[in-house]
1. Listed residues 41, 3; which is farther than 21 Å from residue 238 by Cα, under 37 Å from the mean Cα position of the chain (by Cα) and open to solvent by less than 60 Å² (accessible area, probe 1.4 Å)?
2. Which one of these is β-branched (Val, Ile, Thr), free of Cβ contacts under 8 Å to residues at least 40 places away in the same chain and either in contact with a Pro (Cβ under 7 Å, 6 or more places away or on another chain) or under 22 Å from residue 223 (Cα atoms) (or both): 124, 140, 147, 169?
3. Could you tell me whether any residue of the stretch 50-64 is within 22 Å of residue 2 (Cα to Cα), part of a helix (DSSP H, G or I) and open to solvent by 60 Å² or more (accessible area, probe 1.4 Å)?
4. Could you list all residues from the stretch 237-250 that are open to solvent by less than 60 Å² (accessible area, probe 1.4 Å), part of a helix (DSSP H, G or I) and either among the small types (Gly, Ala, Ser) or under 12 Å from residue 207 (Cα atoms) (or both)?
5. Which ones in the stretch 28-38 are in a helix (DSSP H, G or I) and either touching a Gly at 6+ places or on another chain (Cβ under 8 Å) or surrounded by fewer than 12 Cβ atoms within 10 Å (Cβ to Cβ) (or both)?
6. Please verify whether the stretch 710-726 includes one or more residues that are under 45 Å from the mean Cα position of the chain (by Cα), under 23 Å from residue 650 (Cβ atoms) and exposed (fewer than 11 other Cβ atoms within 10 Å of the Cβ).
7. Within the stretch 509-526, which residues are touching a helix residue (DSSP H, G or I) at 6+ places or on another chain (Cβ under 9 Å) and assigned to a helix (DSSP H, G or I)?
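The values are calculated or read from the model by the stated rules, or taken from the named source; none is laboratory data. All values reported here derive from a predicted model rather than from experimental measurement. All Cβ positions, glycine included, derive from the backbone under ideal geometry; neighbour counts span all protein chains shown. These area figures cover heavy atoms from the full protein model, side chains too; ligands, DNA and RNA do not enter into them. Shrake-Rupley method; radii C 1.70, N 1.55, O 1.52, S 1.80 Å.
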Amino acid sequence: MTTIEVISLIDDISDLIKELHLLQAADKLNLLSEQCGAEETTKLEQIKTSYCYLLSYYANGSDDNARDNILSDLASSMLQLSDMCRVKLLSKSADDLFFFRHAELSLVQLSTCLDSYFVATKKIEILTSVDESLQNHDVINDTYLTIERLETEIFNCVWAIWPSTNDEINLLKSTFANPKASTHLLCLITSALFLSCMSVFDEQKMLLLIELYKDSRNLEIKTRALVGFVLAAYCHKLHVKYSRHISLVVSDLAESGTFAKDLFFVWKRLIMSRNSENIKERLNKDIIGTINKLMPESFKKNFNKDRVIDMSDIQANPEWQKAFENSGLDKKIEEFNELQMSGGDVFLPTFSKLKSFPFFQTMSNWFLPFHKHHSAVREILKQGNSSFDRMITDAPLMCNSDKYSFVLSMNHIPQEIRGKMFAELETQNAALNESLKSELANVADDTAKDRLINSYIHDLYRFFKLFSRRREFYAVFNSDFHLEEVPFIGQLLVTTKHLEFAADYYLDNLFYADAIRYYKMLLSGKHTISPVLYQKLGLAYQNTGNLSEALKQYLRYELADDSNLWNIRHIAICYRGLRQTDKALAYYKKAEDLAPNKLATYLNIGHCLLELNQPKEALDYYFKAELADDKHTHKAWRPIAWTAFVCGQYEQSEKYHKRILEETEASSQDVMNYAHLLFVQGKVSDAIAHYAKAMSMAESEQAFFTAFNADIAVLRAKCPPHADVTLLHDAIKFKSQSI
């Protein structure tokens, strides 16, 4: 059986179990168990026998209070057997890293790796306990390398040995209780537990993650365990649904308000991670793109011989300062600073390019907390000042993966420039840490948890998006993160506050389908809501192009407030988009009454009147719009020029057409419209010359004639009797070829 056939069959089995069609699931599972061996076949027979007893009792009409629990246990057993078959079959043929490691480590004892690790850490303790002048640094370095190798082996064992046994779980518990175990090892093990549960569901490891969250005194381990449990539960919702043990543990935790609050921190940060690629794109476009545009004129002048920007020279350069202000770059940078302080992943664009170091070829290193003794960074850190390692370790807005990238990149920067960067980073860190202290003074534990959760999710985002073999893992960050769907924990998130955050965040960041989902949940549930939710839902629908549903929501809001100008304008927009122009006009007139002398309102009223074949009335409003244009945007010129033409006011039309052609960046359509005017006045030669020019400005000849043909009816209606529109098409082509 091929890998594809195995995976397809397992998907079918999961779908059947989800619907509790267990007999059909058992038939398909039998195809897998036969490929595995006697152990799997025997387990399947035991499950089928138990299920047949349950069906027999049910068919006889017997009451059975334990039926639901038995059914859940049977479904869970079938899912576990399906996983056993999957691991056994794919470990023989699949090239995925997990199955390769699973086969490779089948004879490796976790206890042996841990024993060797504690021997090595004891050795380091002894070697470094003597005076530094007497230390054997070669032996110390070799021992650190041994510890790193053992940490990687322990990580791989916890990740790839499946299913876990009671002895292994107890061994891990004793490791977490061992004061000799370093924090970074325990963080690695926690991440390995999570990755293991992601690869193949393991109830005992899931329960251990919950226990670590509940009992660990180390906040970093605690938050990693919670994030890992939540993501694994999200990926294996069906397994969790039928796990009575997880149900009981989560129910106990739910009695504490702390668990629900911490769950929301995780959900909030996962939701925000969906905006990471948008932030990356905006950063490249808005800031880096703007700088690149400025560079040819003044930016290059501020490079020294090493092509490094001296910020003091820039600040003293009036030309740069003026360009900086005119570009709006200062506001964009301020916006990104605020985004950074709120936890937005603004470092992703920079550090995603710095993950090609050999350090990141070892999978466990993506989850390693930053520490100064690691061989990859130890020598580089020694080249900085005495506080540099502490400064990097304490950098509050940089995740662990990026800290390693930053230090590793230092090797490629000249020493004198490196010193400037160290000094600047130290200044920034001092300011950030000072501002964070004031936050921590009020809500220390919650703020620290939130920041650690955010940092860990940034680490995970980089692994699942940038690791060389990322396609072998569940693409968790391509997900919508609807955690309210996860059994047992989802119900703790369905509160007004949480749903409003999700809906508003998605709306603000243009994820309109998700915003609609959560606004509808708020409006359909037992939540205390504000009428403004109808406006927000309407806006989300409007941005997906569903104008009918958007209009329905705006009209609902109107029942609460019929004089809200924003709402009135959006109702008008929807009516006009739905081709109900008369109703749109009525609402634009209402907007005019509430807020007179508004350029946009006058323009829209004019557009509606023109669509309703009232060009003279439309022209009056376009003139009003021109008078209201206090910023001189000239937005009224084009509609005035065209509408005056339609009304036969050719002198007025020509006046505005010439303004457009001489004082604005005229388009192909502008030149064509002026050609129409010339043609109906009998100035055929000039008209054809302008038509040819308009065609040369158009995207293509076809695009030009599509626009031209749309105006043929107007031309025919306006032309004098002797004018021949029939030849105009060919005359334009002939003229354009002769230019």
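1. Every option except 3 fails the conditions.
2. 169
3. no
4. Listed by number, the residues that qualify are 240, 246, 247, 249, 250.
5. If the condition is that a residue be in a helix (DSSP H, G or I) and either touching a Gly at 6+ places or on another chain (Cβ under 8 Å) or surrounded by fewer than 12 Cβ atoms within 10 Å (Cβ to Cβ) (or both), then 38 is the only one that fits.
6. Yes; the residues of the stretch 710-726 include at least one that is under 45 Å from the mean Cα position of the chain (by Cα), under 23 Å from residue 650 (Cβ atoms) and exposed (fewer than 11 other Cβ atoms within 10 Å of the Cβ).
7. Hits for the stretch 509-526 are 512, 513, 514, 515, 516, 517, 518, 519, 520, 521, 522, 523.
The rows are residues; the columns are (1) in a helix (DSSP H, G or I); (2) of a type in the set (S, T, N, Q); (3) at pLDDT 95 or above.
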{"position": "108", "(1), (2), (3)": "no, no, no"}
{"position": "115", "(1), (2), (3)": "yes, no, yes"}
{"position": "119", "(1), (2), (3)": "yes, no, yes"}
{"position": "124", "(1), (2), (3)": "yes, no, no"}
{"position": "139", "(1), (2), (3)": "yes, no, no"}
{"position": "144", "(1), (2), (3)": "yes, no, no"}
{"position": "155", "(1), (2), (3)": "yes, no, yes"}
{"position": "170", "(1), (2), (3)": "yes, yes, yes"}
{"position": "173", "(1), (2), (3)": "yes, no, yes"}
